[in-house]
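All remarks here apply to the structure that follows.
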Amino acid sequence: MTHDAIEVILAKRDAAELSDSQIDWVIDAYTRGIVADEQMSALAMAILLNGMSRHEIARWTSAMIASGERMSFAGLSRPTADKHSTGGVGDKITLPLAPLVAACGAAVPQLSGRGLGHTGGTLDKLESIAGWRASLSNEEMLAQLDSVGAVICAAGDGLAPADKKLYALRDVTGTVEAIPLIASSIMSKKIAEGTGSLVLDVKVGSGAFMKSLATARELARTMVDLGTDAGVRTVALLTDMDTPLGLTAGNALEVAESIDVLAGGGPADVVELTLALAREMLAAAGIDDVDPADRLADGSAMDVWRAMIAGQGGDADAPLPVAREQHVVPAPADGVLTRLDAMAVGLAAWRLGAGRERKEDSVQAGAGVVWHARPGDTVTAGQPLFTLHTDTPERFERALAALEGGYHLAPSGTPYTPPPLVRDRIA
Ligand code: URA
């Protein structure tokens, strides 16, 4: 049955439920350029305003999967486990997590993206390692999964091309934040990729898409249902993104912090979340005889990291790039840090050159922010609170403006109870 774009837009504008054939038609016609960008923008806005039923979201996701190829890991000897984060500040967890879970016996196919806006991208981080390349053919990816057990690479053009087009359009039309569109975007790529199990890290807080626990729960529930209905064992953790993760935001800075975790050190919150996600991934993959903490401690996760980097042309021993200029922000008074705002830190790192404003921009490998205290820490006046890194010092002023008001120092002795890092679990 054939349709036209105006009919589909009017139906959703008037809050009707779209039929299966309307959804199949509009996704296919948009992918082939028959439905124009301005028409898809209107439809995306109608979806943002009027929502979609569970059935519509499932059908929309299937139509996006059908717009491209489906991969298969059926030939691998290990069970596959993947993880997806909805994006946060200082969120370098994929870097230690993928080799750690591989060291425990799963195969981890981690198709990742680049950063846009204030959240960093995993591929941008890894590209700060000399020689490392993000693009692999499907054959190269399968071969590395077989030999090393973990691969982090760019999603090929063949995977859910409808989503590629639609995501770029949503980014410039104020329609990113629609739960049906976020859920179908993420899950179409994960289901098409062919993973057997998936753990979702749904971020909630000031530095995340989802600012409230209620909306984060709704997004998690929608994605878990989509995965489960498609035969992928799917679990979601809702994790805090009011405070940035670890002590660094920026590409090479976050690689260095991830290596610290793989070496058995690193900030406690990064280690805690890496282990929590690893345990969920292993359980979903049916591996219950290994404790990932042991694999961090005995160096086997680090061995997989080195093999994973070398497998993609990277030199794991090469020094990481360092920004040409640094600027230290001292603590203005004695006190207890009771708030460090993820959005403020993410914005500062972005303005220093760690992120991009337009898709075609390049990023600075060494740029970013290091914070020397985390909420709950006591500081004394004059001690470094932040160090800002950039190759282009004219950026310092706007980064400093982003940090203003982004933290709070309470009088010394003020009690502080940290909020839980993992706020909920949805299966
Ligand atoms: N990541 C995606 O892949 N899609 C979205 O819509 C949001 C985050």
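Every read-out reported here was derived from the displayed coordinates using simple, explicitly stated rules and does not represent laboratory data. None of these values were measured; they are calculated from a predicted model. Note that each Cβ is placed from the backbone with ideal geometry, even for glycine, and that neighbours are counted across all protein chains shown.
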So the angle from the long Cα axis of helix 138-147 to the longest Cα principal axis of the chain, reported in degrees to the nearest 10, equals 50 degrees
Does a label point 7 Å from the Cα of N50, set along Cα-to-beta-carbon, have any residues of the range 1-22 with amide nitrogen under 20 Å, and which are they? 2-22
Based on the Kirkwood radius over alpha-carbon pairs, what value in µm²/s does the Stokes-Einstein equation return for the translational diffusion coefficient of the range 1-95 at 37 °C and 0.692 mPa s? 210 µm²/s
Please work out whether the range 280-427 counts as rounded, prolate or oblate from its C-alpha gyration tensor, where a ≥ b ≥ c are the square roots of the eigenvalues and a/c under 1.5 means rounded, while otherwise a/b larger than b/c means prolate and anything else oblate? oblate
Neighbours of R306 by Cβ distance under 11 Å: Lys/Arg at +1, Asp/Glu at -1, summed charge -3
Just from its helices, what would the mean residue ellipticity at 222 nm be for the chain, if runs of 4 or more DSSP H residues each count -39500 (n - 2.57) and the sum is divided by every residue, rounded to the nearest 500 deg cm²/dmol? -13000 deg cm²/dmol
Under 5 Å between amide H atoms, partner at least 5 residues away or on a different chain: which partners does R339 have, H built in plane at 1.01 Å? H408
Sites matching GluC sites (Glu not before Pro) across the range 319-381 that sit in DSSP coil, with at most 13 neighbouring C-beta atoms within 10 Å: E357, E360
Going through the range 303-397, which trypsin sites (Lys or Arg not before Pro) have at most 10 other Cβ atoms within 10 Å and a DSSP loop state? R358, K359
Using DSSP to define loop residues, name the trypsin sites (Lys or Arg not before Pro) in the range 17-75 whose beta-carbon has at most 15 other beta-carbon atoms within 10 Å. R32, R70
Rounded to the nearest 20 debye, what is the charge dipole size of the range 5-51 about its Cα centre when +1 sits on each Lys and Arg Cβ and -1 on each Asp and Glu Cβ? 120 debye
For the residue pair H327 and I34, what label-to-label distance in nm results when each label sits 7 Å from Cα along the Cα-to-beta-carbon direction? 5.4 nm
Translational D in µm²/s for the range 5-51 (Stokes-Einstein at 10 °C, 1.306 mPa s, Kirkwood Rh from C-alpha pairs): 152 µm²/s
Between Y416 and A293, Cβ-based FRET efficiency (R0 25 Å, step 0.05) works out to 0.40
Report relative contact order for the chain in percent, whole number only (criteria: Cα-Cα under 8 Å, sequence separation at least 6). 20 percent
Looking only at lysines whose Cα falls under 28 Å of K12's and that sit 8 or more positions away or on another chain, we get K164, K165, K189, K190, K211
Could you give the length gained by full extension between R13 and R398, i.e. 0.36 nm per residue of separation minus their alpha carbon distance, to one decimal place? 134.6 nm
In a shell of Cβ-Cβ distance under 14 Å around D20, excluding D20 itself, what net charge do Lys and Arg (+1) and Asp and Glu (-1) give? -2
Apply the a/c threshold of 1.5 to the C-alpha gyration tensor of the range 325-410 and tell me whether it is rounded, prolate or oblate. prolate
If one puts a single equal scatterer on every Cα of the chain and applies the Debye formula without solvent, what log₁₀ I(q)/I(0) results at q = 0.10, 0.13 Å⁻¹? -0.69, -1.15
